Amino acid sequence: MTKANFTGERVAGFQCEAGKQQSIYWDAKTPGLGLRVSVGGGRAYVFEGRLHGKTLRITIGDPRNWDLGKARTEASRLKTLVDDGKDPRELKAQERAAHEARSAEARRQVVTFADAWEVYLKARKSKWSERHYNDHVHLAAEGGKKKIRGSGVTAAGPLASLRPARLSDLTGERVAAWLEGEASLHPAMAALSYRLLRAFIRWMADTPAYRGTVPADSYKTRDVKDALPSIKAKDGDCLQREQLPAWFDAVRKIPNPVISTYLQALLITGARREEMAGMKWTDIDFQWRSLSIADKIEDSGRVIPLTPYLASLLLELKRINDTPPTVRRLVRLEKVGRKWEPSPWVFSSKTAADGNIADPRSGHGAALTAAGLPHLSIHGLRRSFGTLSEWCEVPVGVVAQIQGHKPSAIAEKHYRRRPLDLLRMWHDKIEGWMLSQAGIDFKPAEQSKPTLKVVAAA
């Protein structure tokens, strides 16, 4: 072991010995203090001592940051700890852990709902469907952004008022007050937002970084439960059997064939409005009479039958979609450097930003008024399918599978997944019954050859 009285000049002149990866020079004045010099030119003060019969070596720091006097003081401190039987590394780890705990606690005291919400969404996104993720984004959105469709700016979501709040302030009283205010304006949205908030608080309770930041009973106090709105299905938001003739007559007379077919498709299939609106021509199999739908619940989607009458409507819509525009319009498109192509969307729209139908409520509302029928929401058509199917004595599981509802019984959940041909048998009966009640004389072709010819021609 080479020892020498360290000076600034000597420390700067120490070099790695030839043939070695590193050399250590020891200070004769301060026990345990050394200078490590590597073959690559790296230099660092080190301390070496013995603890419980074993050699202990700790790096102090670079001479460029540690002057000689400071390094000697640190080496003396470390030797005192070792002589007392304490491991400096363990003490440093404990101090670091305590510091991190204090920092984390400080962060928890000041972190806001908005900050934690973004972390929550990022952590859970891969576990959710796209729709469920978008619900979280929209319900907590601050609003004030330009609308994609229509004019004006977007409205703030129900959870937006909680964004600036500190997590420690989300007490039961605060949540109850928020819920009362939102429930008085939009009960259904408030109830959904509460369920998302409840799941968020539970996630924080299970996440070490946020555990204990929100009072444990903040979402289940008596005040919160009293403020939670009770959501029931809209009374009358469903077509009655005797209303089918007027409804079909008015909807079939809608000048826009896309809206007319779209509304009839919703009633005949019981699909959700966004599922039907997002359908592409590649999702339709005219030969084997099936529709592939991007299901809200099942990530893989679902396949349902394509009934004869709906198939005829869609074939006509496809003929219109595949027919080139007038020569004059083609020339105008060429002048601006655009090429005409058929729309990939079944229910296309020239004005919508996404290219597919956005809001058919005005057309549906006009048809209801013309037919003298009471208000019926777009979602009411989905509800109508399920209700009217009972007239055909269709098994409940069949209707649920067509509509994309989760199975509600053990037998349905684990033992009954009906093949497409069995669903088709029942679905054709439902459509046929609706048409007969509406007074529509429709006779489906016995063979599928005419359908194939039309597709080939298109």
Report summary line: Scanning segment 272-282 residue by residue, those in a helix (DSSP H, G or I) and surrounded by fewer than 17 Cβ atoms within 10 Å (Cβ to Cβ) turn out to be Glu274, Thr282
Query raised in the report: Do the conditions hold for Ala177, that is, is it in contact with a helix residue (DSSP H, G or I) (Cβ under 6 Å, 6 or more places away or on another chain) and not polar (S, T, N, Q)?
Result: no
Query raised in the report: Which of the residues that make up segment 192-233 are crowded, with 19+ Cβ neighbours inside 10 Å, closer than 12 Å to Val175 by Cβ and either of a type in the set (Phe, Trp, Tyr) or within 17 Å of the chain's Cα centre (by Cα) (or both)?
Result: Ser193, Tyr194, Leu197, Phe200, Tyr219
Report task. Tell me, yes or no, whether segment 259-266 has at least one residue that is aromatic (Phe, Trp, Tyr), surrounded by 15 or more Cβ atoms within 10 Å (Cβ to Cβ) and in the same structural domain as Ala116 (by TED's automatic domain parsing). Result -> no
Query raised in the report: Is it fair to say Gly61 is farther than 28 Å from Ala93 by Cβ and assigned by TED's automatic domain parsing to the domain that holds Ala93?
Result: no
Requested in this report: Go through (1) in a strand (DSSP E or B); (2) surrounded by fewer than 20 Cβ atoms within 10 Å (Cβ to Cβ) and name the single condition Ile304 misses.
Outcome: (2)
Query raised in the report: Which one of Lys296, Lys350 is out of contact with any Ser or Thr (no Cβ under 8 Å at 6 or more places or on another chain), farther than 19 Å from Gln264 by Cβ and at pLDDT below 90?
Result: Lys350
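The values are calculated or read from the model by the stated rules, or taken from the named source; none is laboratory data. Everything quoted here is computed from the prediction, not taken from an experiment. Glycine gets a Cβ as well: all are built from the backbone with ideal geometry, and neighbour counts include every protein chain shown.
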